[in-house]
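The values are calculated or read from the model by the stated rules, or taken from the named source; none is laboratory data. As the structure is a prediction and not an experimental result, all values here were calculated from the model. We place every Cβ from the backbone using ideal geometry, glycine too, and count neighbours over all the protein chains shown. Areas reflect the complete protein model, heavy atoms only, side chains present, ligands, DNA and RNA absent. Shrake-Rupley method; radii C 1.70, N 1.55, O 1.52, S 1.80 Å.
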Amino acid sequence: MEQYIIKGGKPLVGEVTISGYKNAALGIIAAAIMTDETVKIENVPDIRDIEILLNVIEELGAKVERVNKHTIKINGSKINTVIADSDYVRKIRGSYYLVGALLGKYREAQVALPGGCNIGSRPIDRHIKGFAALGADVKIEHGLICARADKLVGNSIYFDESSVGATINVMLAACMAEGQTIIENAAKEPHVVDVANFLNSMGANIKGAGTDVIRIKGVSKLHGSEYTIIPDQIEAGTFMFAAAASLGDVLVRNVIPKHLEAFTAKLLEVGVRVIEYDDAVRVIADKRPNSTQVKTLPYPGFLTDMQPMMTTLLTLSTGTSIVTESIFENRFKYVDELTKMGASIKVVESNTAIITGVERLTGAIVSASDLRGGAALVMAGLMAEGYTVVENVEYIERGYEDFERKMQKLGAAISKVDSKDTKAIKKFKLKVS
Ligand code: EPU
């Protein structure tokens with residue numbers, strides 16, 4: 001099994017370039033099969049979840065050309081089935097976007113229920129409600145989401161709580177429905193906007209993405225396009241918080257600072273310096289953070305995906321902090337691992353972490369149980385005295401491109417080794433001691 005071994009205590013210093021946004025890329029790749037013409041997509045992150053989705057669309061008959069590490073061409077003209085039921089589909093969350101894409105294009109989809117990180121029950125009732133409002137008959141049968149419509153007709157859809165996934169999925173189907181669809185209380189996250197912009201570049205007619213109300217006028221056909229995916233706000237946030245936690249000085253490049261405002265605000269609040277440029281942010285820290293209170297909320301609030309990094313940063317704060325998770329019910333699993341490193345955190349009612357700052361963390365063997373919690377454990381390893389081993393790195397590689405290489409470039413003492421490769425572990429320890 002592969003694991004990261006980290007020797008903590010070194011500040012991160014230098015520049016890091018952020019990759020394309022995983023969660024936008026998942027929606028955009030699904031959308032790309034909705035036209036029979038070729039679509040060229042740039043700034044695609046080279047990560048496991050994306051490779052899996054590309055495998056899934058190839059299984060459906062789409063042609064995928066990997067032009068280079070970050071550029072792909074997709075042609076959906078030879079799709080020969082609307083059934084996506086392989087193990088690949090079940091491995092990731094984003095495969096559910098194929099329901100909206102196939103339903104919109106072919107009026108039928110049978111897609112295995114999605115997998116993804118175990119951070120809560122993650123129902124898909126809002127997606128189903130949206131497809132049904134467009135006139136589809138939707139059932140869950142034999143572990144598949146089966147959606148079929150003789151006619152897809154635009155409608156008004158009100159989500160009582162916002163959902164990124166349901167907003168994107170309904171937008172996909174609705175852009176090829178007849179007439180107008182209005183999504184109210186739509187999710188406003190940057191990746192909703194990016195998928196909408198991509199669909200518009202293919203000839204869709206979507207207005208209002210990024211606001212509460214999205215209006216979509218259906219078109220009968222979409223065409224080829226060339227598109228560049230936005231930078232990953234979560235990867236950027238992770239490096240911002242890692243820079244702060246390691247008392248470093250890092251220029252995080254290729255970002256949209258507006259998408260990072262909630263993270264910047266919290267970093268400033270705890271005493272970290274953040275300087276914004278047009279497409280970069282510089283994070284400088286030279287002392288333990290102040291304590292604070294944070295609640296995760298839909299965009300533009302503080303993103304749930306950054307909750308583990310916030311909690312981890314606050315383990316070394318000078319007071320008592322409270323972090324409340326309001327989006328997913330099971331997103332504090334990494335906390336048990338942090339306590340092995342000496343953090344003082346109590347989780348109450350499963351959604352609130354009370355963090356009493358300690359003076360130091362100490363390295364330990366810890367295990368990632370989801371993507372963002374795993375990245376936070378690496379961050380803790382950078383902050384801790386001595387050696388930390390983070391097991392189950394495959395979770396982290398699902399969503400972070402070249403994670404340890406980017407960290408190494410900033411001066412982190414981190415290496416990916418096989419847990420049985422004692423020689424490699426020894427070599428790493430000799431090198432960094
Ligand atoms: N929800 C429902 N019913 C639905 C859909 C959602 O009850 O039909 C609930 C969820 O259980 C959750 C809340 O609504 O409590 C919000 O869920 P949302 O649909 O917004 O999230 P998602 O589409 O499942 C995406 C990202 C997550 C990210 C969240 C929130 C993808 C593939 N996943 O999930 O990213 O945390 O939005 O921003 O885009 C990650 O990248 O590690 C990750 C988990």
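Values as computed for the structure displayed
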{"read-out": "Hits among aspartates and glutamates - C-alpha to C-alpha of residue 287 under 20 Å, sequence gap 8 or more where chains match", "value": "249, 269, 359, 385"}
{"read-out": "Where trypsin sites (Lys or Arg not before Pro) fall in DSSP loop in segment 198-292, at most 14 other Cβ within 10 Å", "value": "221, 287"}
{"read-out": "Rel. contact order, % - alpha carbon contacts under 8 angstrom, at least six apart, the chain", "value": "20 percent"}
{"read-out": "Percent of beta bridges antiparallel (DSSP, the chain, rounded to nearest 5)", "value": "70 percent"}
{"read-out": "Cα-based shape type of segment 275-402, given that a ≥ b ≥ c are square roots of the gyration tensor eigenvalues and the cut on a/c is 1.5", "value": "rounded"}
{"read-out": "Label-to-label distance, nm, for residues given as residue 427 and residue 55 (7 Å Cα→Cβ offset)", "value": "2.8 nm"}
{"read-out": "Karplus (6.51, -1.76, 1.60) ³J(HN,Hα), θ = phi - 60°, over segment 73-83, in Hz, Gly and Pro reported as x", "value": "10, 10, 10, x, 6, 9, 5, 10, 8, 10, 9"}
{"read-out": "Farthest positive-ward along the chain dipole, Cα basis, beta-carbon charges - from 315, 422, 364", "value": "422"}
{"read-out": "Cβ charges +1 (Lys, Arg) and -1 (Asp, Glu), total dipole of the chain, debye", "value": "720 debye"}
{"read-out": "Potential extension, residue 275-residue 153 segment - 0.36 nm per residue separation minus Cα distance", "value": "39.1 nm"}
{"read-out": "Portion, in percent, of the accessible area of the chain that falls on carbon or sulfur, probe 1.4 Å", "value": "48 percent"}
{"read-out": "For segment 297-423: accessible area per residue (Å², 1.4 Å)", "value": "36 Å²"}
{"read-out": "Straight-distance crosslink candidates among lysines, where the alpha carbon sits under 21 Å from residue 217 and sequence neighbours closer than 8 are dropped", "value": "105, 129, 151, 188, 207"}
{"read-out": "Percent antiparallel among DSSP beta bridges (both partners in segment 267-399, rounded to 5)", "value": "65 percent"}
{"read-out": "Selected from 219, 67, 99 as most flexible by GNM, with the chain as the system and alpha-carbon contacts under 10 Å", "value": "67"}
{"read-out": "Amide H partners (placed H, <5 Å) of residue 330, local residues excluded", "value": "120"}
{"read-out": "Per-residue HN-Hα couplings for segment 403-415 [Karplus 6.51, -1.76, 1.60; θ = phi - 60°; Hz; x = Gly/Pro]", "value": "4, 6, 5, 5, 5, 4, 4, 8, x, 5, 8, 9, 8"}
{"read-out": "Contact order relative to length of segment 41-186, as percent, for alpha carbon pairs under 8 angstrom and 6 or more apart", "value": "20 percent"}
{"read-out": "Rounded to 5, percent antiparallel among DSSP beta bridges of segment 209-308", "value": "80 percent"}
{"read-out": "Calculated FRET value between residue 83 and residue 125, using beta carbons and R₀ = 22 Å, to 0.05", "value": "0.50"}
{"read-out": "GNM result for the chain, Cα springs below 10 Å: residue of 367, 162, 350 fluctuating most strongly", "value": "350"}
{"read-out": "Within a Gaussian network of the chain (alpha carbon springs, distance under 10 Å), most fluctuating of 209, 149, 109", "value": "149"}
{"read-out": "Built amide H within the under 5 Å cut-off of residue 158, gap 5+", "value": "184"}
{"read-out": "Most to least packed among 295-303, 397-405 [average Cβ atoms within 10 Å]", "value": "397-405, 295-303"}
{"read-out": "Residue 1-residue 161 pseudo-label distance in nm [points 7 Å out on the Cα-to-Cβ vector]", "value": "3.2 nm"}
{"read-out": "Whichever lysines have a C-alpha closer than 26 Å to that of residue 427, once near sequence neighbours (fewer than 8 apart) are set aside", "value": "7, 10, 340, 406, 409, 416"}
{"read-out": "Segment residue 139-residue 402, length gained on full extension (0.36 nm per residue, minus Cα span)", "value": "90.8 nm"}
{"read-out": "In Hz, Karplus ³J(HN,Hα) per residue of segment 237-243 (6.51, -1.76, 1.60; θ = phi - 60°; x = Gly, Pro)", "value": "x, 4, 5, 4, 6, 5, 4"}
